[in-house]
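Note sheet for the following structure.
The values are calculated or read from the model by the stated rules, or taken from the named source; none is laboratory data. Everything quoted here is computed from the prediction, not taken from an experiment. Counting neighbours? That spans all protein chains shown, and the Cβs are built from the backbone with ideal geometry, glycine included. With ligands, DNA and RNA removed, areas are computed over all heavy atoms of the protein, side chains included. Shrake-Rupley method; radii C 1.70, N 1.55, O 1.52, S 1.80 Å.
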Amino acid sequence: MNIQTEILLKLIEISKVNQNEFGELTGKRPQRISEWKHEKHLPTIKQLELMADKLGYRLKFDLVKKK
């Protein structure tokens, strides 16, 4: 599973709404969300950041160099 899909699924989970309601909250069509969930297409990191922001969350990524 791609990281974008994992983040999308986590956003849907924490919003505690169904796919249609998630689309309404984030301004995305339910069909597009379905395509992302099934990895027919992937949301960009920017799209994920904007959706998280609309839900009151902030995505934060840390890259840590291995020792």
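Odds and ends about this structure:
- Listed by chain and number, the lysines placed with their C-alpha closer than 28 angstrom to that of K37 are K10, K16, K28, K46, K54, K60; residues fewer than eight positions away on the same chain are left out.
- Share of carbon and sulfur in the accessible heavy-atom surface of the chain [1.4 Å probe, %]: 50 percent
- Alpha carbon convex hull of the chain, volume per residue in cubic angstrom: 93 Å³
- Derived scalar couplings ³J(HN,Hα) [segment 21-35; Karplus, 6.51 cos²θ - 1.76 cosθ + 1.60; whole Hz; x for Gly, Pro]: 5, 4, x, 5, 5, 9, x, 10, 5, x, 5, 5, 4, 4, 4
- Per DSSP, loop GluC sites (Glu not before Pro) in segment 5-41 with at most 14 further Cβ within 10 Å: E39
- For the chain: accessible area per residue (Å², 1.4 Å): 78 Å²
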